[in-house]
Amino acid sequence: MASSSQIIKTIDALKHTLQDLAEKGHRGFDCSAGSLEKLADWGAAPQLLSETLKNIRLDLGDCQRCRLAQHRKHIVFGSGNPKAKLVFVGEGPGFEEDRQGEPFVGPAGQLLTKIIEAISLTRKQVYICNIVKCRPPGNRNPETDEIATCFPFLERQIAAIQPDFICALGAVAAQTLLNKAEPISKLRGRFHHYKGINVIATYHPAYLLRNPEKKRDVWEDMKMLMKEYPYEV
Ligand code: URA
């Protein structure tokens with residue numbers, strides 16, 4: 001008799017097969033959210049039923065869902081470890097990120113890399129992404145409707161990765177993830193929760209470049225995170 005874990009793995013494999021077929025244009029299979037929920041009801045562990053980052057990227061496609069598509073060079077989906085225990089979420093791609101299609105590769109990104117290394121991790125160990133995946137023109141803040149359009153993809157990415165921690169960089173990331181309107185100065189310095197995941201909010205690295213005296217606060221936030229982070233010994 002098959003064990004429950006073998007059954008769960010089979011259902012998971014079946015789900016991915018059906019999704020792949022659907023992406024290849026086969027329309028004879030029902031891969032709807034409702035059907036997947038039914039599979040979950042049958043006892044498959046939700047974490048095994050989550051999609052892969054590859055599937056989410058495929059679904060995003062050559063996204064034209066909001067006006068940010070008009071001026072972007074590249075969609076910046078996210079990069080790093082698909083099984084990361086820590087996910088950094090920024091606001092949206094800047095000039096260099098738009099040019100390269102990678103998150104946090106400009107000046108703010110170089111500072112983020114230093115922050116990651118200061119907590120004894122590497123960019124390859126964590127996952128880095130943004131609230132919106134296309135550069136807002138002139139690096140303006142993303143607008144509410146742009147965030148509302150893009151955020152479901154980030155939610156799916158987070159569900160696929162299942163990190164232990166999220167670090168929200170700056171007000172836009174923190175307020176969106178936490179569904180709160182408080183300023184970042186009030187949200188930082190303590191743990192919050194997003195769908196059961198620990199969230200720490202801190203200042204955005206671009207803000208730190210303009211206000212280096214705030215680096216001390218970010219270091220306090222990182223120390224809080226390090227105390228709880230499951231480092232491998
Ligand atoms: N600022 C962000 O919020 N995200 C990036 O990817 C780069 C700069």
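Of all the residues that make up region 164-181, how many are more than 17 Å from TYR229 (Cβ to Cβ) and surrounded by fewer than 19 Cβ atoms within 10 Å (Cβ to Cβ)?
4
Which helices (runs of 4 or more DSSP H) sit wholly inside region 128-218 and have at least 3 residues that are touching a residue at least 40 places away in the same chain (Cβ under 8 Å)?
144-161, 170-178, 205-210
Specify the residue that is nearest to ILE116 (Cα to Cα); the eligible residues are those in region 80-95 that are more than 10 Å from the ligand (Cβ to nearest atom) and of a type outside the set (Val, Ile, Thr).
Out of the qualifying residues, it is LEU86.
Taking region 65-96, which residues are open to solvent by less than 20 Å² (accessible area, probe 1.4 Å) and not in a loop (DSSP other than H, G, I, E, B)?
Of everything in region 65-96, those that are open to solvent by less than 20 Å² (accessible area, probe 1.4 Å) and not in a loop (DSSP other than H, G, I, E, B) turn out to be LEU68, ALA69, LEU86, VAL87, PHE88, VAL89, GLY90.
Which of (1) outside any helix (DSSP H, G or I); (2) closer than 29 Å to LYS215 by Cβ; (3) among the aliphatic types (A, V, I, L, M) is the odd one out, the single condition ALA108 does not satisfy?
The one condition ALA108 does not meet is (1).
Evaluate the following for GLN100: is it polar (S, T, N, Q), more than 13 Å from the ligand (Cβ to nearest atom) and open to solvent by 20 Å² or more (accessible area, probe 1.4 Å)?
It is false that GLN100 is polar (S, T, N, Q), more than 13 Å from the ligand (Cβ to nearest atom) and open to solvent by 20 Å² or more (accessible area, probe 1.4 Å).
If you go through region 113-120 one residue at a time, do you hit one that is near the ligand (Cβ under 10 Å from one of its atoms) and of a type in the set (S, T, N, Q)?
no
Of everything in region 123-151, what is open to solvent by less than 30 Å² (accessible area, probe 1.4 Å), away from the ligand (no atom under 13 Å from the Cβ) and more than 14 Å from the chain's Cα centre (by Cα)? Give them in sequence order.
Once the filter is applied, which keeps residues that are open to solvent by less than 30 Å² (accessible area, probe 1.4 Å), away from the ligand (no atom under 13 Å from the Cβ) and more than 14 Å from the chain's Cα centre (by Cα), region 123-151 yields only GLU146.
Looking at (1) open to solvent by 10 Å² or more (accessible area, probe 1.4 Å); (2) of a type in the set (Val, Ile, Thr); (3) without any contact (Cβ under 8 Å) to a residue 40 or more places away in the chain, find the lone condition where ILE116 falls short.
Against the list (1) open to solvent by 10 Å² or more (accessible area, probe 1.4 Å); (2) of a type in the set (Val, Ile, Thr); (3) without any contact (Cβ under 8 Å) to a residue 40 or more places away in the chain, ILE116 comes up short only on (1).
Sort through ILE161, ILE197, ILE184 and tell me the only one that's within 16 Å of the ligand (Cβ to nearest atom), open to solvent by less than 50 Å² (accessible area, probe 1.4 Å), hydrophobic (A, V, I, L, M, F, W, C) and under 24 Å from VAL76 (Cβ atoms).
ILE184
The values are calculated or read from the model by the stated rules, or taken from the named source; none is laboratory data. This structure is a prediction, so every number in the text was calculated from the model and none was measured. We place every Cβ from the backbone using ideal geometry, glycine too, and count neighbours over all the protein chains shown. To get the accessible areas, we keep the full protein, side chains included, count just its heavy atoms, and leave off ligands, DNA and RNA. Shrake-Rupley method; radii C 1.70, N 1.55, O 1.52, S 1.80 Å.
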